[in-house]
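Novice: There's a structure below that I have some questions on.
The values are calculated or read from the model by the stated rules, or taken from the named source; none is laboratory data. Given the structure is predicted, the values throughout are model-derived calculations rather than measurements. Ideal geometry is used to build each Cβ from the backbone, glycine not excepted, and the neighbour counts take in all protein chains shown.
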């Protein structure tokens, strides 16, 4: 039947996607029960801190069964992403998807079972949103929630698109019955910062803001309909020193558009600390470019 042919093609496409990504998903031994990890680069594996349970005696097993000693390079308290250095690991890295995930997309969660076999779970992307609070004054800027069922062994595994590209890192946590996934863009940026500094450097501007629609008059020359309205500026902060005022509409940070607090937070992870960055604002009917030097977020 024609319907059987279509379903078989879809089924084969999912299996092919899993085959393409499976070698980059490894087994992580930290706690008594193994969990999963994703190869970020040669000799580097991303997983979740809660899958480890300790900082020494860590091991990673790749698809062919070879077991390697692993060293904790660092971890990020906000996302709970942990980074392992695994000398000698030959498993390939998994590249993030080049196109953003959308609500309604089908995707596959991949993990390694206790026997090191590949485990897969299919579902739809049900919600993309955030921020998600993960502790006192900590949050993940954006998370994906999926209908794909996941047991605890999926923690640190891969969430892939139907063509085998990485959409995010699975957490095996759930909110209202939907599995939580850390988007690949946030995960990869966080991991890069952990590798460089032992932890992510989160830049600080001292701005409180909220999304705001641009009036039609102010949209002239702007390829957007919204921006970030500055509703607060912390005294003595980099933003105040740069001349940011309450009521400014923040358009771009370092050339990247800003339409929400989440977008600004994502841009503040990485190499912005201590570097003069152009900050373009709309003030009344005129635009201005301010030079702001973000500082590392102060400890509370």
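Novice: Taking the range 21-46, which residues are under 10 Å from residue 110 (Cβ atoms) and out of contact with any helix residue (DSSP H, G or I) (no Cβ under 9 Å at 6 or more places or on another chain)?
Specialist: Once the filter is applied, which keeps residues that are under 10 Å from residue 110 (Cβ atoms) and out of contact with any helix residue (DSSP H, G or I) (no Cβ under 9 Å at 6 or more places or on another chain), the range 21-46 yields 21, 22, 24, 25.
Novice: Let me ask something else. Does the range 153-184 hold any residues that are assigned to a strand (DSSP E or B) and under 22 Å from residue 61 (Cβ atoms), and which are they?
Specialist: Hits for the range 153-184 are 158, 159, 160, 166, 169, 170, 171, 172.
Novice: For the range 106-115, which positions are over 14 Å from residue 181 (Cβ atoms) and surrounded by fewer than 20 Cβ atoms within 10 Å (Cβ to Cβ)?
Specialist: 113, 114, 115
Novice: For the range 246-273, how many residues meet the condition of being modelled with pLDDT of 85 or more and in contact with a strand residue (DSSP E or B) (Cβ under 9 Å, 6 or more places away or on another chain)?
Specialist: Result for the range 246-273: 12.
Novice: Next up: When you go through 112, 138, 145, 61 one by one, which is the residue that is in contact with a strand residue (DSSP E or B) (Cβ under 6 Å, 6 or more places away or on another chain), closer than 21 Å to residue 190 by Cα and assigned by TED's automatic domain parsing to the domain that holds residue 195?
Specialist: Result: 145 is the single residue among 112, 138, 145, 61 that is in contact with a strand residue (DSSP E or B) (Cβ under 6 Å, 6 or more places away or on another chain), closer than 21 Å to residue 190 by Cα and assigned by TED's automatic domain parsing to the domain that holds residue 195.
Novice: Run down 174, 184 and say which single residue is within 30 Å of residue 12 (Cβ to Cβ), in contact with a strand residue (DSSP E or B) (Cβ under 7 Å, 6 or more places away or on another chain), buried (at least 19 other Cβ atoms within 10 Å of the Cβ) and outside the structural domain of residue 281 (by TED's automatic domain parsing).
Specialist: Just one listed residue meets the conditions, 184.
Table: residues versus (1) modelled with pLDDT under 90; (2) exposed (fewer than 15 other Cβ atoms within 10 Å of the Cβ); (3) over 22 Å from the mean Cα position of the chain (by Cα).
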| residue | (1), (2), (3) |
| --- | --- |
| 8 | yes, yes, yes |
| 18 | no, no, no |
| 23 | no, no, no |
| 62 | no, no, yes |
| 86 | no, no, no |
| 90 | no, yes, yes |
| 98 | yes, yes, no |
| 104 | no, yes, no |
| 117 | no, yes, yes |
